[in-house]
1. Over what distance in Å are the Cα centres of segment 324-340 and segment 349-371 separated?
2. Keeping every protein chain present and rolling a 1.4 Å probe, give me the accessible area per residue for segment 514-630 in Å².
3. Percent of Cα-Cα pairs more than 36 Å apart in the chain, please.
4. Based on the alpha carbon coordinates of segment 33-135, what radius of gyration and maximum Cα-Cα distance (Dmax) apply, in Å?
5. Which whole number in µm²/s is D for segment 359-428 by Stokes-Einstein, with the Kirkwood Rh taken over Cα pairs at 25 °C and 0.890 mPa s?
6. Give the dimensionless ratio obtained when the Cα radius of gyration of segment 233-331 is divided by 2.2 N^0.38 Å.
7. For segment 317-402, which semi-axes, largest first and in whole Å, follow from the square roots of 5 times the eigenvalues of its Cα gyration tensor?
8. Please list, ordered by chain and number, the residues whose modelled amide H lies under 5 Å from the amide H of Val196; skip anything fewer than 5 residues away on the same chain.
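The values are calculated or read from the model by the stated rules, or taken from the named source; none is laboratory data. Quick caveat: nothing in here was measured; it's all calculated off a predicted structure. No Cβ is skipped: glycine too gets one built from the backbone with ideal geometry, and neighbour counts run over all protein chains shown. When the accessible area is computed, the model is the full protein with side chains, heavy atoms only, and any ligands, DNA or RNA have been set aside. Shrake-Rupley method; radii C 1.70, N 1.55, O 1.52, S 1.80 Å.
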Amino acid sequence: MNFVYEAYDVAVVGAGHAGCEAALACARLGLKTIVFTVSVESIALMPCNPNIGGSSKGHLVREIDALGGEMGKNIDRTFIQSKMLNTSKGPAVHSLRAQADKMAYSRSMRMVLENTENLTVKQAEIVDICVEDGHVSGVKTFTGGIYPCKAAVLCTGTYLNARCLCGEAITYTGPNGLKAACSLSDALRAKGINMVRFKTGTPARIDGRTVDYSKMVPQKGDERVVPFSFATDPDSIQKDQVLCYLTYTNEDTHRIIRENLDRSPIYSGVIEGTGPRYCPSIEDKVVKFADKKRHQVFIEPEGLYTNEVYIDGMSSSLPEDIQYRMYRTVPGLENARIVRNAYAIEYDCIPAVQLTPALEFKKIKGLFSGGQFNGSSGYEEAGAQGLIAGINAAMEILGRKQVVLSRSQAYIGVLIDDLVTKDIQEPYRMMTSRAEYRLLLRQDNADQRLTELGHEIGLISDERYRHLLEKEEMIKAETRRVKKLIIGAGADVQKFLADHKSTPLKTGTTLGELIRRPELGYAVLSDLDRERPDLPQEVWQQVEINIKYEGYISRQLSQVEKFKKMENKLIPQDIVYADISGLRIEARQKLDRIKPLSIGQASRIAGVTPADISVLLIYIMQWNHSRHNS
C-alpha cells in the first residue's frame with residue numbers, strides 16, 4: 001500500500017559522487033532537498049581506486065570547486081598523499097592527483113550532507129519516478145512511500161540491475177557487495193527511456209602485511225602540497241604523507257592470464273556490457289598489447305587505519321584461484337593474501353543523447369541525470385555532472401536560466417557536450433586530448449574561469465568572490481609591472497644569464513621578455529628584481545603562465561571567438577528535419593534524435609557532415625525569414 005510522505009522541492013536518487021554534489025547544490029540554493037541511498041554507508045563511496053584527480057580529472061575537480069561544489073574541499077580534508085602530475089610538460093596538462101583515506105573521505109562527505117540546511121538523507125531504494133502531464137511529480141520507494149517533488153535527479157551510479165563477476169561466480173549486488181537496485185530500470189523503460197548495459201571492474205585488495213615493499217620502487221608525494229580547493233589555505237594541509245609503490249607484471253603473469261582466458265567472463269561471453277577502453281582489465285592489456293613484456297602496477301594504501309592496499313593496474317574478473325596465481329608472480333606480491341577479490345561489475349545506464357545540455361531528460365520535464373548513469377566513468381566525471389544536474393534542477397524550480405557550460409569555458413562543458421551529442425559506445429572517460437582549448441582550460445585558472453558564474457548561481461560566497469577579484473587585480477598589476485621593468489645588460493646580469501645557460505643580452509630588455517625564455521621563470525629571476533612585491537604563489541604563477549604562453553593563448557582566444565559564432569547560431573527546437581530535402585537520411589535521423597541546440601552542437605554529431613551543416617544553415621535562414629515575414 002502506498003503512503004504519501006512530506007513533499008520536497010528536489011529528490012536526488014543516489015548518494016555517490018554525483019548525488020552528493022547534486023543534493024548539496026540544491027540544498028545550498030535554498031531548496032528543500034532529499035537524497036536517497038541504498039545504504040548510508042555508501043555515501044561518497046570509493047568502490048574502485050581511492051583517489052581523486054589525475055590527468056584531466058584534476059581539472060574537473062578544480063572546476064567543481066570553482067563553481068561551489070564539495071569534492072575538492074573533501075579530498076583536501078582526507079588525502080594521505082598528493083602529487084601534481086605532468087610537471088615536466090606545459091601547464092595545460094598539469095593535473096593534481098590525491099590518494100584518499102577511503103573511509104575518511106566517505107565519512108567526511110556524509111557529515112557535510114547530514115549537517116547541510118534544507119537537506120535530508122534517507123536510506124531507501126527508489127523503484128519508480130512519478131510523472132504527471134510529462135513532468136516529474138514524485139519518487140516512489142521499494143516500501144511504497146511516495147515523496148512528492150518538483151524535480152528529481154538520477155545519480156544511480158553502477159547500482160541498477162548490477163551484478164558482480166569473479167570467474168564463474170556471479171553475485172547480484174552493487175559494488176562492494178552492497179544491495180543492487182533492481183526495479184528502477186524497468187520503470188524508466190516503461191516511460192520511454194532507453195537503457196544500455198555497461199561494465200567496469202576493480203582489482204583485488206591485498207593485506208599490506210603480506211607485501212614485500214623492498215622489491216618495489218617508492219612513489220612519494222609532493223614536498224609542497226597544492227590543495228584542490230581554491231578556498232583551502234595551502235599551509236593548513238601540509239603533513240606527512242604515505243608512500244605508494246611501483247612494481248611490474250612479467251611474462252609469468254601474462255602466461256597465467258593467457259592460459260586462463262576461457263575462465264574470464266570478459267572473454268567467455270558471460271559479460272554482456274561494454275567496458276572502458278581507457279581503463280582496461282589486466283586480461284585486456286595482455287591480449288591487446290601482446291608485445292608488451294610488462295605493465296605498471298601501483299600499490300596504493302586504502303587508508304591510515306587499514307592494512308588493505310589497492311593493486312592499481314590489475315583489475316580483473318578472473319576466478320579467485322587464478323587471481324592468487326597471477327598476483328603472486330608480481331615482484332613484492334609473492335606471498336600476497338587477498339582481502340577482497342577483484343571483480344567486474346555490469347549495470348544499466350542510459351545513452352546520454354536523451355538529455356539536453358542542461359542534463360534534463362527531453363521526454364520528462366524536471367527529471368535530470370548525472371554521473372555513471374549517463375554512461376561515464378570516474379568519480380570526477382560523476383561529481384561534475386551531478387553538480388550541473390543539481391544546479392539546473394534548482395534553476396528550473398526557481399524560474400532561472402539553466403546553466404550550460406561551453407566547450408571553450410570548462411572541461412565540464414567538454415564532458416557534458418560529448419555525452420549528450422555523441423553516440424557513446426563505452427564508459428566515457430575525460431582526457432585532456434578531448435578539450436580543443438586546453439591551454440585556456442588549465443586547472444590553475446579554473447577559479448578565474450568559473451567562480452564568477454558560481455557566485456551568480458549562488459554557490460560561491462561574497463567573501464570568496466571578493467578574494468578572486470583581489471587576486472585578479474594583483475595578477476594584472478604584476479603583469480604590467482614586469483612588462484615595464486627594464487633589466488640592463490650589465491656584467492651582473494650577463495653572469496646571471498650565463499649561470500642559467502641563457503643567451504646573453506646585447507642591450508637592455510624587460511623582465512617580461514626574460515620570463516618568456518624557457519630556461520628562466522618568475523621565481524628564478526628574483527635576483528634581478530630587487531623591488532619585487534611579496535605575492536602569493538597562486539598570483540605569480542598566473543603572471544608567469546600568462547607571459548610565457550601569451551602568443552599561444554591569444555591564438556586560442558581567436559579560435560574560441562570563431563567557435564562561439566557557431567554556438568550562437570541557434571536551431572529552432574520545433575524544426576522538422578524530415579522536411580529538409582537536402583539533408584541525407586542519416587543526418588536527418590541523428591539530428592531528429594539528438595535535437596541539437598545550435599549549429600555548433602549539430603556539427604559535432606557523428607554522421608552529420610559539413611555539407612549537411614551547409615544545408616541546415618540555409619534552411620534555418622529561410623525558416624527565420626519566413627517566420628519574420630509572417
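1. Going from one Cα centre to the other spans 43 Å.
2. 59 Å²
3. So the portion of pairs separated by more than 36 Å is 43 percent.
4. Taking only Cα atoms of segment 33-135, I get Rg and Dmax of 16.8, 56 Å.
5. 199 µm²/s
6. Segment 233-331 yields a ratio of 1.29.
7. In descending order, the three semi-axes are 43, 13, 8 Å.
8. Correct list: Cys349, Ile350.
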